[in-house]
Protein chains: 2
Amino acid sequence: MIDKKKRFLIIGLGLLGGSYAMGLKKRGHIVSAIDINEASINYALEKGIIDEGAATADPNLISQADVIISGLYPKTIVGWISENQQYFKKNALITDVTGVKCSIIYKIQELLREDCEFIGSHPMAGKEVSGVQFADPSIFLPANLIITPTSKNTQAAIDFLYEFGIELRFNNICILTPEKHDEMIGYLSQLTHVIAVSLMNANDNSHLKEYTGDSFRDLTRIAKINENLWTELFLMNKDVLVNEITAFVDEINDFKQKLMAEDVDGMKQKFIQSTKRRKYFDK
Amino acid sequence: MIDKKKRFLIIGLGLLGGSYAMGLKKRGHIVSAIDINEASINYALEKGIIDEGAATADPNLISQADVIISGLYPKTIVGWISENQQYFKKNALITDVTGVKCSIIYKIQELLREDCEFIGSHPMAGKEVSGVQFADPSIFLPANLIITPTSKNTQAAIDFLYEFGIELRFNNICILTPEKHDEMIGYLSQLTHVIAVSLMNANDNSHLKEYTGDSFRDLTRIAKINENLWTELFLMNKDVLVNEITAFVDEINDFKQKLMAEDVDGMKQKFIQSTKRRKYFDK
């Protein structure tokens with residue numbers, strides 16, 4: 001269990017940051033937050049989601065924090081830490097929620113003060129909406145927390161994040177290198193989003209609404225997408241994602257060739273393989 | 001309401017045929033069935049799903065039917081009607097459940113006796129399992145029934161199928177030409193299945209199971225697929241489906257180009273368009 005005296009600070013109080021704050025408060029922790037949107041801070045204070053808050057990088061709030069969790073956009077986090085680490089408490093532990101790892105972790109660990117520690121983590125949770133007003137710690141219940149340590153991290157920091165994941169009631173907590181994380185996320189998450197977006201965009205399909213079944217709805221749900229966040233995430237994992245798209249396009253083109261050639265056995269083999277593989281993913 | 005004296009005959013008593021039989025019996029109709037699998041007929045008789053049944057094309061059963069519904073595989077239906085129409089009752093109405101229309105309807109209407117009528121229809125319902133033991137008329141509750149008349153069909157036949165759809169409690173009943181049906185199904189259903197299958201096959205992904213979230217599961221659910229049925233369906237709609245795959249691959253390659261070129265605005269435009277289009281499909 002995490003020591004109740006540890007003070008948490010959330011930077012960027014959106015859906016994930018807000019959900020973390022609520023979950024931590026529920027477990028008896030002291031939580032403060034900084035967000036440039038003053039309305040988010042006021043809302044969170046009013047609803048009791050946080051104990052203290054500020055709309056600027058308040059040195060006083062920052063210096064009290066034992067654990068700092070960045071809920072900032074991927075491109076913003078490195079700059080924020082660089083500018084504000086002067087206020088960090090000695091031995092502060094910093095983590096994040098970012099969906100890509102390599103392009104962030106190594107930069108931060110390079111620039112961070114020697115007496116503080118940054119360890120990457122990625123809560124694979126979310127909703128189709130954003131903002132602290134939609135915060136809800138139950139989004140973690142079915143989700144994975146992925147911890148992505150490097151050789152610079154201590155076992156104590158890994159253990160702490162593990163305990164953190166248990167207190168937040170994540171369904172599963174696992175440890176991956178930043179590289180393996182980005183490869184996995186490129187296939188399981190980023191490629192699937194590219195596919196859903198491209199399927200919606202491939203056809204001016206609004207007239208097809210009344211014929212639509214659940215398969216199509218399930219497959220395209222994630223085509224509703226935050227264009228600012230995902231553009232950053234994709235560019236920060238560009239090489240991996242380009243390779244994943246290429247492998248997928250090769251595979252679908254191979255299927256098209258078999259269909260054009262009326263290669264019945266070849267098509268059946270594809271279906272048998274996908275059925276077998278997909279069964280393995282059943283819950 | 002459909003006249004209770006009309007006798008229904010289901011040819012091919014699988015999941016859909018069985019669900020039709022159960023729904024019709026529930027509404028007080030007399031339903032018989034023919035299926036080459038004797039176990040399916042015995043099961044259905046035992047469970048009261050049908051009133052009469054046979055494992056061969058029994059001329060007596062066929063000649064009593066006012067309405068014949070084929071639940072046969074796409075490649076089998078034309079031959080079955082050709083061989084057995086000699087037993088059809090005068091003025092019998094025949095329909096089907098096939099997921100492709102053009103390649104079947106025109107052949108049947110060409111060869112069918114002048115005193116009978118075939119009108120195509122497609123219940124867009126199903127499960128991941130097959131067989132009469134999984135039959136369940138509630139699969140029609142959220143589903144579309146698409147009626148696909150040609151110039152050879154009478155208004156009376158269209159009206160009858162409309163009433164039939166209402167009695168079976170379909171969520172929505174609509175009328176499309178066979179050509180429009182096949183184009184719609186090529187995009188909304190067949191292309192989505194090709195995508196799910198290709199995504200599963202693009203990566204030897206079994207080691208990724210523990211990191212998998214709901215988006216990936218939703219997108220790949222239909223990668224579990226009956227290889228015999230879908231190979232037939234795809235080949236019977238080959239030209240449409242090849243065009244849909246090509247359009248989709250062009251779109252995803254265009255996205256890849258924008259990603260490689262780090263074209264931030266171009267990527268955002270894609271996301272904004274897909275979000276707008278997908279919102280229209282929300283229930």
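Tell me, what ³J(HN,Hα) does each residue in the range B:215-227 have, in order and in whole Hz, if you take phi through Karplus 6.51 cos²θ - 1.76 cosθ + 1.60 with θ = phi - 60° and put x for Gly and Pro?
4, 5, 4, 4, 6, 10, 3, 7, 6, 7, 8, 6, 5
Placing the label point 7 Å from Cα along the Cα-to-Cβ direction, what are the distances from A:N91 to the equivalent spots in the other copies, shortest first, in nm to one decimal?
Copy-to-copy label distances for A:N91: 9.3 nm.
Report, by chain and number, residues whose modeled amide H sits under 5 Å from the one on B:A33, excluding near sequence neighbours (fewer than 5 apart, same chain).
Residues meeting the criterion, in which the H sits 1.01 Å from N, are B:I10, B:E52, B:G53, B:A54.
Where does helix A:155-167 land angle-wise versus the long Cα axis of chain A, in degrees 0 to 90, nearest 10?
Rounded to the nearest ten degrees, it is 70.
State the dimensionless ratio Rg/Rh of the protein assembly as shown (Rg: radius of gyration of Cα atoms; Rh: Kirkwood radius).
1.09
To check you understand DSSP bridge types, tell me what percent of the beta bridges within chain A (both residues inside) are antiparallel, rounded to 5.
Here the share of antiparallel DSSP bridges comes out near 15 percent.
For A:F118, enumerate residues with amide H under 5 Å from its amide H, sequence gap 5+ or separate chain, H modeled in the peptide plane.
Result for A:F118 returns A:I94.
Karplus couplings for the range B:54-63 from phi (6.51 cos²θ - 1.76 cosθ + 1.60, θ = phi - 60°), rounded to Hz, Gly and Pro as x?
Result, rounded to whole Hz: 8, 9, 10, 6, 5, x, 5, 4, 4, 6.
So the label point sits 7 Å from Cα along the Cα-to-Cβ vector; using that for B:D265, what distances do you get to the other copies, in nanometres, sorted shortest first?
Inter-copy label distances (nm, one decimal, shortest first): 5.4.
So what's the angle, to the nearest 10 degrees on a 0 to 90 scale, between helix A:264-280 and the longest Cα principal axis of chain A?
The angle comes out near 20 degrees.
Taking Cα centroids, how far is the range B:33-48 from the range A:81-108 in Å?
So the two Cα centres are separated by 67 Å.
Can you list the copy-to-copy distances for A:E46, using a point 7 angstrom from Cα toward Cβ, in nanometres, shortest first?
6.5
Tell me whether the range A:1-71 comes out rounded, prolate or oblate; compute the Cα gyration tensor, take square roots of the eigenvalues as a ≥ b ≥ c, and use a/c under 1.5 as the rounded threshold.
It is oblate, given that a/c is not under 1.5 and a/b is not larger than b/c.
Can you give the local net charge around A:D265? Use residues other than it whose beta-carbon is closer than 15 angstrom to its beta-carbon, Lys and Arg +1, Asp and Glu -1.
Working: positive: A:K258, A:K268, A:K270; negative: A:D254, A:E262, A:D263, B:E227, B:E232.
Once positives and negatives cancel, what remains is -2.
Would you please classify the overall shape of the range B:181-280 from the alpha carbon gyration tensor, given that a ≥ b ≥ c denote the square roots of the eigenvalues, rounded means a/c under 1.5, and beyond that prolate means a/b larger than b/c while oblate covers the rest?
oblate
Which shape class, rounded, prolate or oblate, goes with chain B when its Cα gyration tensor gives a ≥ b ≥ c as root eigenvalues, a/c under 1.5 marks rounded, and past that a/b bigger than b/c marks prolate?
Prolate, because a/c is 1.5 or more and a/b exceeds b/c.
Based on Cβ point charges of +1 for Lys and Arg and -1 for Asp and Glu, what charge dipole magnitude is obtained for the protein assembly as shown about its Cα centre, in debye rounded to the nearest 20?
Rounded to the nearest 20 debye, it is 1100 debye.
Helix B:15-26 sits at what angle to the longest principal axis of chain B, using alpha carbons and giving 0 to 90 degrees rounded to 10?
Between the helix axis and the principal axis of chain B, the angle is about 50 degrees.
Rounded to whole Hz and in sequence order, give me ³J(HN,Hα) for the range B:243-254 from the Karplus expression 6.51 cos²θ - 1.76 cosθ + 1.60, θ = phi - 60°, writing x for Gly and Pro.
Calculated HN-Hα couplings, in order: 5, 5, 4, 4, 5, 5, 5, 4, 5, 5, 5, 5 Hz.
Using modelled amide H (1.01 Å from N, peptide plane; none on Pro or chain starts), what sits under 5 Å from the amide H of B:A135, excluding residues fewer than 5 places away?
Hits under the 5 Å cutoff: none.
FYI, it's all coordinate maths here, none of it is from the lab. If you're wondering where the values come from, they're calculated on a predicted model, not measured in any experiment. No Cβ is skipped: glycine too gets one built from the backbone with ideal geometry, and neighbour counts run over all protein chains shown.
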